[in-house]
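Please read the structure below before turning to the comments.
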Amino acid sequence: MYKSSFPKEFPKEFLWGGATAANQIEGAWNVDGKGLTTAEVVRKADDRKKMSMNVVDAKSIKEATNDLTTVNYPKRRGVDFYHHYKEDIKLFAEMGFKVFRFSIAWARIFPQGDEQQANEKGLAFYDRVLDELEKYNIEPLITLSHYEMPLALTQKQNGWLDRRTIADFTHYTEVVFKHYRGRVRYWLSFNEINTGTWGFHETGVVDSHLKKQEQENVRYQALHHQLVASAIATKQLHEIDPEAKMGCMLARMQTYSATCKPEDVRAAQLEDQKNLFFTDVQARGEYPEFMNRYFSENGIQIKMAAHDQQVLAESPVDFVSFSYYMTTVTSAIAEEEVNGNMSTGGRNKYLEESDWGWQIDPVGLRITLNEMWDRYRKPLFIVENGLGALDKLESGKIHDDYRINYLRKHIEQMKQAIKDGVQLMGYTMWGPIDLISFSTSEMSKRYGFIYVDQDDEGNGSLKRIKKDSFYWYKKVILSNGEDLA
Ligand code: BGP
């Protein structure tokens, strides 16, 4: 009889851990030579249920650069990981982390983005972080660009819209690959690259004055430059550190069809294709035909250099990573919209929502994993998933059963997907320590196993407190995903 060789449980070497980003945890925005970043000029949201990420223009940047406080710009203060990293990594180690995902702030290494000489103090900070991780045998997973870049590059050349940014970025990547050679096995190029279709926070391009179609054109152009830069970085990494692996990173958002009407199913398929397009390029090395068609039918013209297609084809990524928070629904006719981390979409009446209106869909994770595995046949890595919630401190404790429930249900579905034959490398839940929210820059939207005493205005002792979920995740890791009770 035929016997399956696929594992029935989490593989022994499965990488359990947590994920963060420099601009949401580090703080220390103006010390040790660091330059100002694009994330640090985005004001916190006035309405916490709305995105604050796309209201940046020349005027707001000017206002931000004249304001040297952190009150309106919370990503400047983060949760001061810059000075608490030893304590925080010790807590991650206590939970048994096998991997810690964090990003390097490009502007710590190259404050203006285009210097020849790197800022030694910036390189030294991440050396200290790596020393600490090595002490506890925690594998680093580093994102090269997580929703920020040196602001100077926006001011000088409008961020990724300018082709010169490719050279600036690949100078930075060459320097960090050489400097950290042998110490980092897993790298990611651009965080949630697809969200560049939503503008400034990912591309560093000021385009709010443009009409919609022109904006779309500009964004896909900037993203083309990132796709090329990502392929060049992959090639560099393989040459500089042959043991190391490069992954791409997508905000994966499966789109369901609102009905079984074929027109609706087709509308959902197109949404899905537009989402997967980025991973198609990064994992398969070429622009898919459906996207070329979409560009030509929508008046989008992407300028490519003669050798770009070859560069993309030469260096596909080694593994495919993605964030997973929700699924959406679409139909040929627009429906009621709900919130989400990158886009809005139709409401799914079968699903519950988080306090921020994000639809919770654990089974969707199994579907996503199966589809991604079928499409790419490259190892998958879930590098973000989690629940942003309002936590209450009660006599020094946080009883966050809602978070445990959310994570448990998603991990159960991961296990199902592994049994379906999906090759899954690891899972880094988002925000193992409370941090500044990406979309609203508030502190009260908390994801962590570890509570940080800081409010939305930045008041608080920054004391770290273990939540109930801290002890739960420790058990999950210790039992390699078997004990989810
Ligand atoms: C992803 C981003 C993260 C992040 C997370 C949660 O889109 O990669 O940086 O913060 O979503 O989003 P939020 O902080 O807005 O709740």
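Since every read-out is calculated from the coordinates, none of them should be taken as a lab result. On a predicted model such as this, the values are computed, not experimentally measured, just so you know. Methodologically, a virtual Cβ is constructed for each residue, glycine included, from the backbone with ideal geometry; neighbour enumeration extends over all protein chains shown.
Packing-wise, with mean Cβ within 10 Å as the measure, how do 155-163, 200-208 rank, highest first?
Working: 155-163: 19.7, 200-208: 25.0.
Top to bottom by mean Cβ count within 10 Å: 200-208, 155-163.
How big is D for segment 93-155, in µm² s⁻¹ as a whole number, if Stokes-Einstein is applied with the Kirkwood radius of its Cα pairs at 10 °C and 1.306 mPa s?
Details: Rh = 12.9 Å.
Rounded to a whole number, D works out at 123 µm²/s.
What is the projected area of the convex hull of the Cα atoms of segment 345-389, averaged over all directions, in nm²?
In nm², the orientation-averaged hull projection of segment 345-389 is 4.0.
Could you pull out every residue, at least 5 positions away or on a different chain, whose amide H is within less than 5 Å of the one on GLN254? Hs are placed 1.01 Å off N in the peptide plane, and Pro or chain starts have none.
Amide H to amide H, under 5 Å and 5 or more residues apart or across chains, GLN254 pairs with THR328.
Suppose every K and R has +1 on its Cβ and every D and E has -1 on its Cβ; what is the size of the dipole of the chain about the Cα centre, in Debye to the nearest 20? Before the final figure, lay out the partial values.
Numbers: 62 positive and 70 negative charges, 130 e Å.
So the dipole magnitude of the chain works out to roughly 620 debye.
Which order do the peptides 119-125, 219-225 come out in when sorted by mean C-beta neighbours inside 10 angstrom, highest first? Spell out each step's value before the answer.
Working: 119-125: 17.0, 219-225: 23.4.
The peptides rank, most packed first, as 219-225, 119-125.
Okay, helix-only estimate at 222 nm for the chain: each DSSP H run of n ≥ 4 adds -39500 (n - 2.57), divide by all residues, round to 500 deg cm²/dmol; what do you get?
Numbers: 15 runs with 183 residues, N = 485.
Result for the chain, helices only: -12000 deg cm²/dmol.
Using label points projected 7 Å from each Cα along Cα→Cβ, tell me how many nm separate SER479 and TYR136, to one decimal.
2.2 nm
Multiply the residue gap between LEU210 and GLU87 by 0.36 nm, knock off their C-alpha separation, and tell me the result in nm, one decimal place.
Details: separation 123, 0.36 × 123 = 44.28 nm, distance 4.57 nm.
Gain in length upon complete extension: 39.7 nm.
Calculate, in whole percent, how much of the Cα-Cα pair population of segment 23-170 lies beyond 27 Å. Could the numbers behind the result be given before it?
Details: 2878 of 10878 pairs.
Tail of P(r) above 27 Å: 26 percent of Cα pairs.
Any chance you could run the full-extension gain for ILE302 through GLU94? It's 0.36 nm times the residue separation minus the Cα-Cα distance, nm to one decimal.
Values: separation 208, 0.36 × 208 = 74.88 nm, distance 4.87 nm.
Net length gain for the segment: 70.0 nm.
If the label point is 7 Å along Cα→Cβ of LYS419, which residues in segment 7-23 have backbone nitrogen under 16 Å from it?
Hits in segment 7-23 for LYS419 at 16 Å: 7-11.
Note down the magnitude of the dipole of segment 11-120 about its Cα centre, charges +1 on Lys and Arg C-beta and -1 on Asp and Glu C-beta and zero elsewhere, to the nearest 20 debye.
Once rounded to the nearest 20, the dipole reads 420 debye.
Distance between Cα centroids, segment 406-481 to segment 97-164: provide it in whole Å.
23 Å
Expressed in nm to one decimal, what extension gain is obtained for the pair ASP453 and HIS171 from 0.36 nm per residue of sequence separation less their Cα-Cα distance? The partial results should precede the final answer.
Numbers: separation 282, 0.36 × 282 = 101.52 nm, distance 3.83 nm.
Length gained, ASP453 through HIS171: 97.7 nm.
Please tell me the relative contact order of the chain in percent, rounded to the nearest whole number, where contacts are Cα pairs under 8 Å and at least six residues apart. Walk me through the numbers on the way to the answer.
Working: 1004 pairs, mean separation 88.0, N = 485.
Relative contact order here is 18 percent.
Taking the Cβ of each residue in LEU250, LEU351 as the centre, tally the other Cβ atoms inside 10 Å and list the residues starting with the fewest.
Values: LEU250 26, LEU351 18.
Lowest count first: LEU351, LEU250.
With a ≥ b ≥ c the root eigenvalues of the C-alpha gyration tensor of the chain, is it rounded (a/c under 1.5), prolate (a/b larger than b/c) or oblate? It would help to have the intermediate numbers written out before the result.
On the way: a/c = 1.20, a/b = 1.02, b/c = 1.18.
Rounded shape, in that the Cα axes give a/c under 1.5.
Can you pull the one-decimal nm distance between simple spin-label points at ASP46 and VAL265, each 7 Å off the Cα toward Cβ?
Here the modelled spin labels are 4.6 nm apart.
Calculated FRET efficiency, TYR350 and ASP57, Cβ-Cβ r, R0 41 Å, to nearest 0.05?
On the way: r = 40 Å, r/R0 = 0.97.
Calculated value: 0.55.
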